[in-house]
Amino acid sequence: MNALWVAPVMPDYDSARATFSWRRERSRLAGLPDGGINIGYEAVDRHLREGHGERAALRCIARDGSTQTVTFTRLAAESSRFAHVLETLGIERGERVFTLLGRRFELYSTVLGTLRAGRVLCPLFTAFGPEPVALRMELGNARALVTTRELYERKVAPVRSRLPHLRHVLLLDPGADPPPDTLSLPALTSAAPVEYTVGPTDPAEPALLHFTSGTTGTPKGAIHVHEAVLAHHVTAAYALDLHEGDVFWCTADPGWVTGMSYGIVAPLTHGVTTVVDEGDFAPARWYGILADQHVTVWYTAPTALRMLMRAAPRSGDATPATRHDLSALRFVASVGEPLNPEAVHWGREALGLPVHDTWWQTETGAIMIANFAADPVRPGSMGRPLPGIEAAVLACGEDGRALVTGGRVQSLQEPGAQGELALRAGWPSMFRGYLHEPSRYEACFADGWYMTGDLVSRDADGWYWFVGRADDVIKSAGHLIGPFEVESALMEHPAVAEAGVIGRPDPLAGAIVKAFVLPRPEYPPGTSLQREIMAFARRRLGPAVAPREIEFVEDLPHTRSGKVMRRLLKARELGLPEGDVSTLETPEPAGTAGMSGKEP
């Protein structure tokens, strides 16, 4: 049985919002001696300065299940070595260091060494093929790359000629006969000092570059600054309820923003122990990690939860909580895409805990809206804005985007009204630009608001509810239909493991709702099941919203961050060009690619 061992960090939401101040929250950070802020210093140096160097920073689990514990002292030493290597190689402050590494200790020392040295870190996802790797390194003017020999030879060497700015490729395992124009990272770090003094760092100095893909155009490089660490730290306390002594596991791959903000930075700034699993997704492995490592706070993705749900019988004699000792687990949260109500209910039954949905984007840099530990979860809701975050629902035009008239927008106040979610600009982790694309960045803002592109509604109590991306919403016979609402209803049927919903053009209605359904293994697809699910959806949603067509599929296309690619479903349905598929999940040996990564 799970137990809430400590009081929530934020026991009263209204009081916390009323008294919140980013300036006052700054006192949570150690800060540099000169008054500046450096992400790496907050994650590493502060703990040594405060006498906590021997605390367990990382608990690294290898593919074979063996585990090594890394203290903050060791993390400081190895990241110091890497910071010195960057200086020795002539990588200048502000230049970009790319990583193409899986979840392993060397990634953490590389990331933190880069940040402590004032260079800009850009992580790449290991399941990317050569083309998306080359495109992002070209756009980011990569100066250095840290990777393995195997990944280099398969994904970088074939496109190296396209990367004239790439000065150094540092291999973790070069071997006796390293590839041409590469360097041995172990040889360089072994000769480097184990102490490094973090230099003056302006809070507005660039620190991280995260690429995020839109539905059209090239990937966008979102720039984040060192001041973002304040939001990482504060939101990990308020939204993820991190306490001293916690064992924290964020399953997101560090190639995505969640794996960086909450897989590396936030937990280390709090001094908690972070679980790092190099292995691939497997239900037994994941439950074993939760139990064996005594994980207290677990941050994962809806896709992962659905995979666990699918692996478990709908009616069984034992739940995961009875087969594994999950008594240490006290808080579960999800991110990456909207959390279906069915997953919340499953969490209560299988884990003994509800799953708390959170909402944010690559551009926001940190959690903006969440279901909090002290509040009852409202299944299907995104939650409420974090203290210090002002959100609004803006009136939209025919294109589903916020109406901007004379530079002004209209905020909708009535409960249940649908519009574009907007955030008042100015929080610490807000992105500060799209690399090389100032006009694209400026187009995201109007009247002091950052416009997210997500359509939502807000109920009378201030909880937000996701409707869909502006370009996903279906307009059918005068109705605006959010695909997430339909997908969530379908997943309540016991035969449905997962669903993707699109609007198929119709000459009479404009569009009709079509659902692509992945059935559970114990339910053979066929006309009878199709009719049963359709009738179920009509009862739940009404005939105006329920799918008019259902097609059974063996799989659904996901981004590597776990989202169902509705635009790809639609393109295939209509015979249209598929467009950019560089973020499409592939069967590469990343294992957890489709469920542990995150591109909010």
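The values are calculated or read from the model by the stated rules, or taken from the named source; none is laboratory data. Computed from a predicted structure; not experimentally measured. Neighbour counts run over all protein chains shown; Cβ positions are idealised from the backbone, glycine included.
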With over 22 Å from Pro206 (Cα atoms), surrounded by fewer than 24 Cβ atoms within 10 Å (Cβ to Cβ) and free of Cβ contacts under 8 Å to residues at least 40 places away in the same chain as the only criterion, which of Glu278, Glu244 stands out? Glu244
Going through the stretch 252-265 in order, the residues found to be over 15 Å from Thr296 (Cβ atoms) and either at pLDDT 95 or above or assigned to a helix (DSSP H, G or I) (or both) are Val257, Thr258, Gly259, Met260, Ser261, Gly263, Ile264, Val265
Unmet requirement for Ala422, which otherwise passes all of (1) in a loop (DSSP other than H, G, I, E, B); (2) touching a Ser or Thr at 6+ places or on another chain (Cβ under 8 Å); (3) over 27 Å from Ala499 (Cβ atoms): (1)
Residue identified as surrounded by fewer than 22 Cβ atoms within 10 Å (Cβ to Cβ) and of a type in the set (Gly, Ala, Ser) among Ala207, Ala192, Ala239, Ala222: Ala192
If the Cβ limit is 7 Å and pairs must be 6+ apart or interchain, which residue in the stretch 33-51 that is farther than 26 Å from Leu209 by Cα pairs with which residue that is assigned to a helix (DSSP H, G or I) and among the hydrophobic types (A, V, I, L, M, F, W, C)? Leu48/Phe72; Leu48/Ala76
Any hit, the stretch 374-383, residues being at pLDDT 95 or above, outside any helix (DSSP H, G or I), within 18 Å of Leu242 (Cα to Cα) and touching a Leu at 6+ places or on another chain (Cβ under 8 Å): no
Only one of these conditions is not met by Phe98: (1) in a strand (DSSP E or B); (2) touching a residue at least 60 places away in the same chain (Cβ under 8 Å). Which number is it? (2)
Scan the stretch 476-485 and give yes if some residue there is crowded, with 23+ Cβ neighbours inside 10 Å, hydroxyl-bearing (Ser, Thr, Tyr) and at pLDDT below 85, otherwise no. no
When you check Asp241 against the structure, is it part of a loop (DSSP other than H, G, I, E, B) and either modelled with pLDDT of 95 or more or closer than 28 Å to Ala7 by Cα (or both), yes or no? yes
Assuming Gly416 fulfils every condition listed in (1) touching a helix residue (DSSP H, G or I) at 6+ places or on another chain (Cβ under 6 Å); (2) in a loop (DSSP other than H, G, I, E, B) apart from one, which condition is it? (1)
Among (1) closer than 25 Å to Asp375 by Cα; (2) in contact with a Lys or Arg (Cβ under 8 Å, 6 or more places away or on another chain), Asp277 falls short only on (1)
Do we find a residue being within 18 Å of His558 (Cβ to Cβ) and of a type in the set (Ser, Thr, Tyr) anywhere in the stretch 484-497? yes
Flagged pairs (Cβ under 8 angstrom, 6 or more apart or on separate chains; first in the stretch 64-78, within 16 Å of Gln293 (Cβ to Cβ); second part of a helix (DSSP H, G or I) and not polar (S, T, N, Q)) are Gln68/Phe105; Val70/Phe105; Val70/Tyr108
Being under 23 Å from Gln68 (Cβ atoms), modelled with pLDDT of 90 or more and of a type in the set (A, V, I, L, M, F, W, C) narrows it down to one residue among Val344, Val295; which is it? Val295
Output for the stretch 557-587, where each listed residue is surrounded by 15 or more Cβ atoms within 10 Å (Cβ to Cβ), at pLDDT 65 or above and not in a helix (DSSP H, G or I): Pro557, His558, Thr559, Gly562, Lys563, Val564, Met565
Filter result for Gly400 (in a strand (DSSP E or B) and either assigned by TED's automatic domain parsing to the domain that holds Trp465 or among the aromatic types (Phe, Trp, Tyr) (or both)): no
Of the residues in the stretch 329-352 that are part of a strand (DSSP E or B) and in contact (Cβ under 8 Å) with a residue 40 or more places away in the chain, the one that is nearest to the chain's Cα centre (by Cα) is Ala333
Have a look at Phe281, Phe248 and point out the one that is at pLDDT below 95 and either over 18 Å from Leu107 (Cα atoms) or in a strand (DSSP E or B) (or both). Phe281
With (1) within 23 Å of Pro338 (Cα to Cα); (2) modelled with pLDDT of 90 or more; (3) hydrophobic (A, V, I, L, M, F, W, C) as the list, and Leu208 as the residue in question, which single condition is left unmet? (1)
Qualifying residues in the stretch 447-464 (those that are of a type in the set (A, V, I, L, M) and in contact with a strand residue (DSSP E or B) (Cβ under 7 Å, 6 or more places away or on another chain)) - the one surrounded by the most Cβ atoms within 10 Å (Cβ to Cβ): Leu455
Scan the helices (runs of 4 or more DSSP H) fully inside the stretch 1-70 and keep the ones with 2 or more residues being at pLDDT 95 or above and crowded, with 18+ Cβ neighbours inside 10 Å. 46-49
Here is a check on your reading of the model: is Leu100 under 26 Å from the mean Cα position of the chain (by Cα), at pLDDT 95 or above, closer than 18 Å to Val229 by Cα and of a type outside the set (Ser, Thr, Tyr)? no
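For (1) over 26 Å from the mean Cα position of the chain (by Cα); (2) free of Cβ contacts under 8 Å to residues at least 24 places away in the same chain, each residue gets a yes or a no:
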site: Gln413; (1), (2): yes, yes
site: Gly416; (1), (2): yes, no
site: Met430; (1), (2): no, no
site: Thr452; (1), (2): no, no
site: Ser457; (1), (2): no, no
site: Val473; (1), (2): no, no
Exactly one condition in (1) outside any loop (DSSP other than H, G, I, E, B); (2) buried (at least 20 other Cβ atoms within 10 Å of the Cβ); (3) at pLDDT below 95 is false for Asp357; which is it? (3)
